[in-house]
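Asks: I'd like to ask some things about the structure below.
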Amino acid sequence: MFFLIFFLSLLIFFSTIGYGFIFLKLFRLENFDYNFGIVGIIGLFFLSIISSYSHLFFPHNYIHNIIIIIIGLFSFIFNQTITSKEIKSQTILFVMLFIALLIAKTNEDFGYYHLPNSIQFAEQKLQFGLGNLNHGFKHISSLFMLMSLYYLPFVEHYLFNLTNFLFLVFFVAFVLKEIFLQKKNNLNFSNIILSFFLILILSKFSRLAEYGSDLAGQIIIFIFIFFLIELFFNQKIQNIRLNYLKISSILIIFAITLKFISVIYAILFL
């Protein structure tokens with residue numbers, strides 16, 4: 001069972017990155033520097049859009065989810081910009097952090113409304129009036145849509161916590177590359193902010209049980225703040241400033257769909 005969970009988790013990881021590349025191409029962001037962390041985050045955003053629309057017509061059952069994962073894998077495999085060195089480094093990072101998924105217990109709200117909503121999305125297409133049965137059905141987040149995509153044969157709902165884990169892995173991958181590989185292009189202040197955010201996430205929220213539906217949105221906001229700082233104060237990115245603006249817009253929209261209270265951060269645009 002352990003090897004099955006690990007294997008499926010790794011496939012979903014690379015499939016999500018594949019969807020990130022599809023989204024970048026659709027919105028003409030191909031020339032953006034391919035930090036796998038931000039590509040993965042964008043992949044999660046794209047999957048949340050896909051799952052929101054597909055749920056109107058289909059339950060997120062085994063067939064639906066397997067097809068979704070296979071499409072992402074094909075996108076990843078046939079992307080010519082990916083090098084074997086990058087694949088190896090991302091795999092190592094994934095394996096190193098995988099222990100966080102194994103030792104995690106579920107969040108306190110998981111049984112109350114995370115699991116019921118995700119199971120509902122996996123077993124049924126759109127239904128109305130569920131809030132009359134359980135107050136938890138009134139709490140809607142794109143996080144639950146993403147969770148339902150990992151309802152797979154044999155493991156069933158036991159990969160639902162993988163969603164929060166992917167946010168963690170992509171965030172760590174993004175920060176490490178920006179600090180150590182892009183340090184000549186980034187502002188020193190930006191790197192200090194990213195370092196602070198990384199320490200906060202890895203220490204304060206070291207257990208996936210602390211995440212719930214809140215921290216995924218906070219992770220997105222942290223990256224959003226980084227892009228805003230670079231967008232407005234870094235003169236070295238003049239030629240890709242529009243790309244940074246697009247990415248910032250995507251991130252704030254994603255954060256709001258994860259937790260609506262994140263809309264308060266949109267004021268930073270003003």
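Asks: Sorted by packing (mean other beta-carbon atoms within 10 Å per residue), highest first, where do 64-72, 167-175, 229-237 land?
Replies: 167-175, 64-72, 229-237
Asks: Considering the dipole of the chain built from charges on the beta carbon (Lys and Arg +1, Asp and Glu -1) around the Cα centre, which of PRO59, GLN238, ILE219 is farthest to its positive end?
Replies: In the chain, that residue is GLN238.
Asks: Among PHE6, TYR158, ILE256, whose Cα lies farthest out toward the positive end of the dipole of the chain, if unit charges sit on the beta carbon of Lys, Arg (+1) and Asp, Glu (-1)?
Replies: Value: ILE256.
Asks: Expressed as an acute angle from 0 to 90° and rounded to the nearest 10, what is the orientation of the C-alpha long axis of helix 62-77 relative to the principal long axis of the chain?
Replies: Computed tilt is about 20 degrees.
Asks: Helix 84-102 sits at what angle to the longest principal axis of the chain, using alpha carbons and giving 0 to 90 degrees rounded to 10?
Replies: 50 degrees
Asks: Quick one: what are the phi-derived ³J(HN,Hα) couplings along segment 163-180, Karplus 6.51/-1.76/1.60 with θ = phi - 60°, whole Hz, x for glycine and proline?
Replies: 4, 5, 4, 5, 4, 5, 4, 5, 5, 4, 4, 5, 5, 4, 5, 5, 7, 9
Asks: Using just the helices of the chain, give the 222 nm mean residue ellipticity in deg cm²/dmol: DSSP H runs with n ≥ 4 each add -39,500 (n - 2.57), and the total is spread over all residues, rounded to 500.
Replies: -21000 deg cm²/dmol
Asks: Turning to a different aspect of this structure: If you plug each phi of segment 187-200 into the Karplus form 6.51 cos²θ - 1.76 cosθ + 1.60 with θ = phi - 60°, what whole-Hz ³J(HN,Hα) values come out, in order, with x for Gly and Pro?
Replies: These are the phi-based 3J(HN,Hα) values: 5, 4, 4, 4, 5, 5, 4, 4, 4, 4, 4, 5, 4, 4 Hz.
Asks: Report, largest value first, the span of the C-alpha coordinates of the chain along each principal axis, in whole Å.
Replies: Computed over the Cα atoms, the extents are 54, 41, 36 Å.
Asks: Just to check I understand the Karplus step: with θ = phi - 60° and J = 6.51 cos²θ - 1.76 cosθ + 1.60, what whole-Hz values come out for segment 3-8, glycine and proline as x?
Replies: For segment 3-8, the Karplus curve yields 5, 5, 4, 5, 4, 5 Hz.
Asks: Right, next: Exactly which chymotrypsin sites (Phe, Trp or Tyr not before Pro) in segment 1-69 are in a DSSP loop and have at most 13 other Cβ atoms within 10 Å?
Replies: PHE57
Asks: Can you find, among ILE17, LEU47, ILE140, the residue sitting farthest towards the positive end of the charge dipole of the chain, where Lys and Arg contribute +1 and Asp and Glu -1 at Cβ?
Replies: ILE17
Asks: How much of the accessible area of the chain, probe 1.4 Å, is carbon plus sulfur, in whole percent?
Replies: It is 69 percent, rounded to a whole number.
The values are calculated or read from the model by the stated rules, or taken from the named source; none is laboratory data. Nothing here was measured: the structure is a model prediction, and the numbers come from that model. So basically every Cβ, Gly included, is an ideal-geometry build from the backbone, and we count neighbours across all protein chains shown. Areas reflect the complete protein model, heavy atoms only, side chains present, ligands, DNA and RNA absent. Shrake-Rupley method; radii C 1.70, N 1.55, O 1.52, S 1.80 Å.
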